[in-house]
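Read-outs throughout are calculated quantities, based only on the coordinates presented, and are distinct from any laboratory measurement. Worth saying up front: this structure is predicted, and the values here are computed from it rather than measured. Cβ: placed from backbone, ideal geometry, glycine included. Neighbour counts: every protein chain shown.
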Amino acid sequence: MAYKITDECVGCGTCLDSCPNEAIIEADDVCKIDLEKCQDCGVCIDSCPTGAIIEE
């Protein structure tokens, strides 16, 4: 399973702050997932206020 941050991301950083694996980075005013670090825990999905993170 992998996660993707969609265009709905507003760059609020909530997922960045909640990720226990430091797998989310902020770039160009939006967040992106570093798939090398992501452990598929799903914390980012639960924390995102805009629903911008989806399972692929």
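If you go through segment 35-56 and keep only what is surrounded by 12 or more Cβ atoms within 10 Å (Cβ to Cβ) and in contact with a strand residue (DSSP E or B) (Cβ under 6 Å, 6 or more places away or on another chain), you end up with CYS44, ILE45, ALA52, ILE53, ILE54.
Among the residues here, ILE5 does not qualify as without any contact (Cβ under 8 Å) to a residue 12 or more places away in the chain and either exposed (fewer than 14 other Cβ atoms within 10 Å of the Cβ) or out of contact with any Phe, Trp or Tyr (no Cβ under 7 Å at 6 or more places or on another chain) (or both).
I'd like to know if segment 36-43 contains one or more residues that are aliphatic (A, V, I, L, M) and either out of contact with any helix residue (DSSP H, G or I) (no Cβ under 6 Å at 6 or more places or on another chain) or part of a loop (DSSP other than H, G, I, E, B) (or both).
The answer is no; no qualifying residue exists.
For segment 24-46, residues that are of a type in the set (Gly, Ala, Ser) and under 18 Å from ASP7 (Cα atoms) total 1.
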